[in-house]
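Below is one structure, written out as structure tokens; comments come after it.
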Amino acid sequence: MLNESVRDAGKTVIVTAVHDTHCPVGSRAIAGALARTKYSPSNHSDELQSIRSPAAWQQWGDWDNGHADS
Amino acid sequence: MARLVTLTPSLGVAIPIIKVVSDFCNLRCRYCFYNTRDQLTRTVMSDELLEKFVVEYMELFSGHLFFIWHGGEPLLAGLPFFERIVELQRKNLKEGQAIKNVIQTNATLIDDKWAEFFKTHDFKVGVSVDGDRESHDHFRLNHGNGGSFDYVMRGIEILRKHGIEPGIIQTLTHDNTARVREDFSFFTNILGVKRWGVNDFRDVNAVNQAMLGQSITNEELTSFLKTYIDMWLAQDDGALQIREVENFMAGIVGKKASSCTFNGECSRYFSLAHDGKVHPCDRHLNREELQFGDLSSQSLSDILNSPTRLKYAEDVKTLHPDCASCEWQRACHNGCTAHRVGGISGKYYFCETRKSVFGYLKNKLEEYKLQEKGGE
């Protein structure tokens with residue numbers, strides 16, 4: 001169960017999320033991110049990053065891969 | 001102690017970043033790394049050069065082919081130019097090939113015709129947005145020094161009306177690091193974005209004198225990324241993808257990250273200017289010694305096999321000695337070559353940020369695993 005209190009911060013809205021103990025904070029975010037690594041090759045292999053699934057092919061380019069950063 | 005590893009064993013499918021109008025742009029973003037170049041002259045790739053490129057590229061490579069259309073502002077090339085692109089691609093498509101077109105735009109020129117075209121031809125559209133109005137209009141200005149926020153929002157609205165959900169690129173500067181919470185909330189709760197990436201402004205060679213003082217530091221980037229991770233966890237949306245968090249997460253679980261600045265595959269990319277000049281990346285356009293060749297007078301094959309390109313690929317592979325003992329070596333690969341101090345073989349400026357954020361997210365992941373275990 002996720003309860004959200006929304007505070008109007010002028011031009012933007014900052015959302016403070018409060019979770020109950022049955023659903024650890026961030027569990028869905030982390031589970032989602034881990035699931036998306038499923039089709040990536042191991043970083044211990046010499047295999048190049050490639051399109052390994054129809055979903056990955058569809059997703060490729062969402063982030064302007066020529067300018068990846070940080 | 002870890003050994004230095006070979007990072008780019010083969011070329012694979014090379015990925016072009018095509019600057020169809022080179023530096024020509026209708027905006028004057030103060031941090032743009034083309035600011036020292038000519039952004040006023042309307043320069044568009046000739047039809048002859050465009051055809052030569054598409055034909056040779058599609059002859060050289062098979063499988064999944066990528067075209068990243070860039071600028072300046074690529075929409076200034078005009079819709080007929082892009083109609084010609086898809087015509088050439090269709091004409092030269094061979095069995096076993098699939099094409100993905102990606103375009104990075106400031107979105108100010110998008111109208112129904114552009115959106116229909118992108119939808120019809122399945123273009124991935126990336127839009128540059130720095131955050132809410134205050135953050136965005138701080139640096140992303142038009143010729144008259146006016147903010148571009150309203151025009152960009154209108155462009156995104158038109159894209160969405162046609163069923164296109166754009167990816168977002170946020171550029172992070174010194175001034176905007178103070179607005180991390182406002183901008184995260186803007187993207188997730190106002191703009192309703194599910195996927196975006198962050199480009200950090202770091203003018204390693206102090207090329208842009210107007211932006212001295214805006215290059216972000218390790219401390220600023222570390223704090224920014226940790227705050228983004230905290231907010232991403234608090235948002236707790238399994239579909240919310242922040243490129244940087246995804247890249248760090250992939251490395252922590254031993255998987256190859258998607259971004260060239262993490263996965264060591266930088267040399268797969270090349271930048272093609274409107275006049276045929278080829279460089280490793282558009283971040284290196286000011287470095288003439290890194291020019292691979294000129295498509296107006298050479299074949300693409302000769303250019304990609306040129307001594308300059310092969311040396312670049314070797315330099316990218318050679319890690320800094322400090323990487324040898326780093327536990328994140330295979331997840332980081334010494335970062336972006338444009339942000340290495342002292343040249344391609346130098347050390348990644350944001351090395352300390354990388355180590356700190358890898359550790360921070362790893363701890364979060366371990367906490368999550370403990371909670372999962374306790375809940376069983």
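Things worth noting here:
- When the stretch B:164-198 is filtered for residues that are crowded, with 20+ Cβ neighbours inside 10 Å, among the aliphatic types (A, V, I, L, M) and within 7 Å of chain A (Cβ to nearest Cβ), the ones remaining, listed by number, are B:Ile169, B:Val198.
- Residues of the stretch B:261-311 classified as surrounded by fewer than 16 Cβ atoms within 10 Å (Cβ to Cβ), closer than 16 Å to B:Val13 by Cβ and free of Cβ contacts under 8 Å to residues at least 60 places away in the same chain, total: 1
- Residue match in the stretch B:17-27 (condition: touching a Pro at 6+ places or on another chain (Cβ under 7 Å) and modelled with pLDDT of 90 or more): yes
- Restricting the stretch B:199-226 to residues that are within 12 Å of chain A (Cβ to nearest Cβ) and β-branched (Val, Ile, Thr), the residue that is farthest from B:Asp282 (Cα to Cα): B:Thr222
- Looking only at residues of the stretch B:199-220 that are aliphatic (A, V, I, L, M) and surrounded by 18 or more Cβ atoms within 10 Å (Cβ to Cβ), we find that the one that is nearest to B:Leu141 (Cα to Cα) is B:Met211.
- Selection status of B:Gly78, within 21 Å of B:Pro166 (Cβ to Cβ) and under 17 Å from the mean Cα position of the chain (by Cα): no
- The stretch B:78-113, residues that are touching a residue at least 40 places away in the same chain (Cβ under 8 Å) and of a type outside the set (A, V, I, L, M): B:Phe81, B:Gln104, B:Thr105, B:Asn106, B:Thr108, B:Asp111, B:Asp112
Quick grid of which residues meet (1) within 7 Å of chain A (Cβ to nearest Cβ); (2) assigned to a helix (DSSP H, G or I); (3) farther than 25 Å from B:Thr318 by Cα; (4) basic (Lys, Arg):
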residue: B:Ile229; (1), (2), (3), (4): no, yes, yes, no
residue: B:Ala234; (1), (2), (3), (4): yes, yes, yes, no
residue: B:Glu244; (1), (2), (3), (4): yes, yes, no, no
residue: B:Ala250; (1), (2), (3), (4): yes, yes, no, no
residue: B:Asp275; (1), (2), (3), (4): no, no, yes, no
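- Residue match in the stretch B:80-92 (condition: within 13 Å of chain A (Cβ to nearest Cβ), in a helix (DSSP H, G or I) and touching a strand residue (DSSP E or B) at 6+ places or on another chain (Cβ under 6 Å)): no
- Evaluation of B:Gly197 against the conditions (1) outside any helix (DSSP H, G or I); (2) modelled with pLDDT of 95 or more; (3) in contact with a strand residue (DSSP E or B) (Cβ under 8 Å, 6 or more places away or on another chain); (4) over 18 Å from B:Arg28 (Cα atoms) shows that the sole unmet condition is (2).
- Here the helices (runs of 4 or more DSSP H) wholly within the stretch B:288-347 that include at least 2 residues being within 14 Å of chain A (Cβ to nearest Cβ) are B:307-317, B:329-332.
- Those residues of the stretch B:252-261 which are within 7 Å of another protein chain (Cβ to nearest Cβ) and either assigned to a helix (DSSP H, G or I) or closer than 19 Å to B:Asn199 by Cβ (or both), in sequence order: B:Ser258, B:Ser259, B:Cys260, B:Thr261
- Verdict on B:Ala239 being under 26 Å from B:Pro166 (Cα atoms), over 16 Å from the mean Cα position of the chain (by Cα) and in a loop (DSSP other than H, G, I, E, B): yes
- Filtering the stretch B:51-70 to residues that are surrounded by fewer than 19 Cβ atoms within 10 Å (Cβ to Cβ) and either of a type in the set (Gly, Ala, Ser) or without any contact (Cβ under 8 Å) to a residue 40 or more places away in the chain (or both) leaves B:Glu51, B:Val55, B:Glu59, B:Ser62, B:Gly63.
The values are calculated or read from the model by the stated rules, or taken from the named source; none is laboratory data. Small disclaimer: the values here were computed from a predicted structure and weren't measured. As a convention, Cβ positions derive from the backbone with ideal geometry for all residues, glycine included, and neighbour counts pool all protein chains shown.
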